[in-house]
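Just below is one structure, and these are the notes that go with it.
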Ligand SMILES: Cc1cc2nc3c(=O)[nH]c(=O)nc-3n(C[C@H](O)[C@H](O)[C@H](O)COP(=O)(O)OP(=O)(O)OC[C@H]3O[C@@H](n4cnc5c(N)ncnc54)[C@H](O)[C@@H]3O)c2cc1C
């Protein structure tokens, strides 16, 4: 059977782009997380959408699991094969098709890197709403699938908010376009086109469980004339929550992000206060001046924070993990929560870190009018692995207790049982309709039995 599959994969993509050789499989058995090694049986790297379609048809007809992989940078084990099968590497599909200035969009292959796309559009005077902080290996598909985040989401939202449409290969091999391109004669200029539900959303934040994104179109925005930021420091999570609340309600920020003094240690930032938020503004110079002044007035009136030096550490495509000693790694536990639960979420993160005696650091953003929390715990891989897995589990449950939802589903701990049963049934129906043989990312949360 396996000889037969590798021969057919080679037939689809050419012998140089499919392998079942042990030493090559090992390279795909880990990602940036502590998980693994989890071994695939085959690697295949298609160059075109049609090749992806052929691979999916083969996988379906042979009941072979498929796991999608871009840069393999998740700190969460999301690109690892849990039940063997094929790892489909999208990195050969990396073309940027250019900016459509009429539609105000940029379209690229799923395997283009975020770094290259951001550089490409910025050189032409455009931007997406966010500036992430990671290295150059992250793919557009990985970031879209992850529903990425970064500085700048208060007004324009996160990746799912600026994704206009997709070309997707369904698990059964059909190729479809979502967004306005789904209407005859229209190009890709908007996500909703009056012909039914938001089918683009079916593939967002789903981590390769619903289909293979092959081309992605993002909205682009003109780079603003001016930019400014103010730092505000707070002594307690409660004060910080109130400061964030008044700023968010005022609707004057382009971005609000936070770091704590623990993260300041790790990232080499000045320790200005236990909790520091950055209030970013963009626009015309007069607008920037006004918004910065207004932000300071609002904060002074609230009486909870003080102005501190603002460090533009979030503005740049780079990583911070390289600052740690080689034996140390980080685990991230991400979640979403309302503004009003900010203090409770921060206390839970600190309590779990203290309980397990783990070095930690908090980063966090306001996205539209809700929050994305993304702290790290630092651990020594040889000595503290079990401890950090327990800490991640404890934090997930502590956050669930205060009404925080996860921003990715697992795999550790599996959160399937925390999903409302009626919603899980609905999810299962959609999943079974798209992926009838359950070949996509088997073993991933939410776990549904067919
Ligand atoms: C140091 C560091 C800093 C970070 N900072 C940020 C940050 O500032 N903002 C932020 O948003 N994130 C941040 N992240 C997380 C980052 O967003 C993810 O690691 C990244 O998006 C994953 O992209 P990737 O190409 O490596 O995908 P992979 O890790 O290869 O895959 C990620 C998921 O996408 C799925 N996938 C891959 N290709 C496809 C496809 N074609 N179609 C459908 N699904 C697919 C995979 O199956 C997997 O579930 C950071 C990570 C690190 C390590």
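The values are calculated or read from the model by the stated rules, or taken from the named source; none is laboratory data. As the structure is a computational prediction, the values presented were derived from the model and not from experiment. Reconstructed Cβ throughout: ideal geometry from the backbone, glycine too, with neighbour counts over all protein chains shown.
Within region 110-158, being more than 10 Å from the ligand (Cβ to nearest atom), surrounded by fewer than 21 Cβ atoms within 10 Å (Cβ to Cβ), on the phi < 0 side of the Ramachandran plot and not in a helix (DSSP H, G or I) holds for 124, 126, 127, 136.
Looking for whichever is touching a strand residue (DSSP E or B) at 6+ places or on another chain (Cβ under 6 Å), touching a residue at least 24 places away in the same chain (Cβ under 8 Å) and closer than 30 Å to residue 326 by Cβ here; the options are 388, 345, 366, 352. Which one fits? After applying the criteria, what remains is 388.
Among the helices (runs of 4 or more DSSP H) confined to region 1-103, the ones with at least 3 residues that are within 26 Å of the chain's Cα centre (by Cα) are located at 49-61.
Return yes or no: is residue 217 under 26 Å from the mean Cα position of the chain (by Cα), surrounded by fewer than 21 Cβ atoms within 10 Å (Cβ to Cβ), modelled with pLDDT of 95 or more and under 21 Å from residue 150 (Cα atoms)? It is false that residue 217 is under 26 Å from the mean Cα position of the chain (by Cα), surrounded by fewer than 21 Cβ atoms within 10 Å (Cβ to Cβ), modelled with pLDDT of 95 or more and under 21 Å from residue 150 (Cα atoms). In the set 157, 150, 135, 125, only one residue is outside the structural domain of residue 72 (by TED's automatic domain parsing), at pLDDT below 95, out of contact with any helix residue (DSSP H, G or I) (no Cβ under 8 Å at 6 or more places or on another chain) and farther than 25 Å from residue 197 by Cβ; that residue is 150.
Yes/no matrix, rows are residues, columns are (1) away from the ligand (no atom under 16 Å from the Cβ); (2) touching a residue at least 12 places away in the same chain (Cβ under 8 Å):
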site: 187; (1), (2): yes, yes
site: 190; (1), (2): yes, yes
site: 193; (1), (2): yes, yes
site: 196; (1), (2): yes, no
site: 203; (1), (2): no, yes
site: 222; (1), (2): yes, yes
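Selection of region 159-170 for residues being over 29 Å from residue 283 (Cβ atoms) and either surrounded by fewer than 24 Cβ atoms within 10 Å (Cβ to Cβ) or within 16 Å of the chain's Cα centre (by Cα) (or both) yields 167, 170. Can you name every residue in region 361-380 that is farther than 28 Å from residue 129 by Cβ, within 15 Å of the ligand (Cβ to nearest atom) and surrounded by fewer than 23 Cβ atoms within 10 Å (Cβ to Cβ)? Selection gives 378 alone.
Inside region 381-432, can you point out the residues that are in a loop (DSSP other than H, G, I, E, B) and at pLDDT 95 or above? Those that are in a loop (DSSP other than H, G, I, E, B) and at pLDDT 95 or above: 402, 403, 404, 420. Residue count for region 419-439 under the criterion of being within 15 Å of the ligand (Cβ to nearest atom) and within 27 Å of residue 397 (Cα to Cα): the result is 1. Inspection of region 162-176 finds no residue satisfying the criterion of being in a helix (DSSP H, G or I), touching a strand residue (DSSP E or B) at 6+ places or on another chain (Cβ under 9 Å), touching a residue at least 60 places away in the same chain (Cβ under 8 Å) and within 12 Å of the ligand (Cβ to nearest atom).
Count of region 57-70 residues, restricted to those that are crowded, with 24+ Cβ neighbours inside 10 Å and within 27 Å of residue 407 (Cβ to Cβ), is 5. Before we move on, is residue 46 within 12 Å of the ligand (Cβ to nearest atom), under 27 Å from residue 409 (Cβ atoms), at pLDDT 95 or above and out of contact with any strand residue (DSSP E or B) (no Cβ under 6 Å at 6 or more places or on another chain)? When the stated conditions are applied, residue 46 passes them.
Residue-wise test of (1) modelled with pLDDT under 95; (2) in contact with a helix residue (DSSP H, G or I) (Cβ under 6 Å, 6 or more places away or on another chain).
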| residue | (1), (2) |
| --- | --- |
| 255 | yes, yes |
| 275 | no, yes |
| 282 | yes, no |
| 289 | no, no |
| 292 | no, no |
| 298 | no, yes |
| 303 | no, no |
| 308 | no, no |
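For region 193-213, give me each residue that is assigned to a loop (DSSP other than H, G, I, E, B) and surrounded by 14 or more Cβ atoms within 10 Å (Cβ to Cβ). If the condition is that a residue be assigned to a loop (DSSP other than H, G, I, E, B) and surrounded by 14 or more Cβ atoms within 10 Å (Cβ to Cβ), then 193, 199, 204, 205, 206, 207, 208, 209, 210, 211 are the ones that fit.
Within region 172-181, the set of residues being out of contact with any helix residue (DSSP H, G or I) (no Cβ under 7 Å at 6 or more places or on another chain) and more than 12 Å from residue 217 (Cβ to Cβ) comprises 174, 176. Only one of the numbered conditions (1) without any contact (Cβ under 8 Å) to a residue 24 or more places away in the chain; (2) within 22 Å of residue 332 (Cβ to Cβ) is violated by residue 134, and that is (1).
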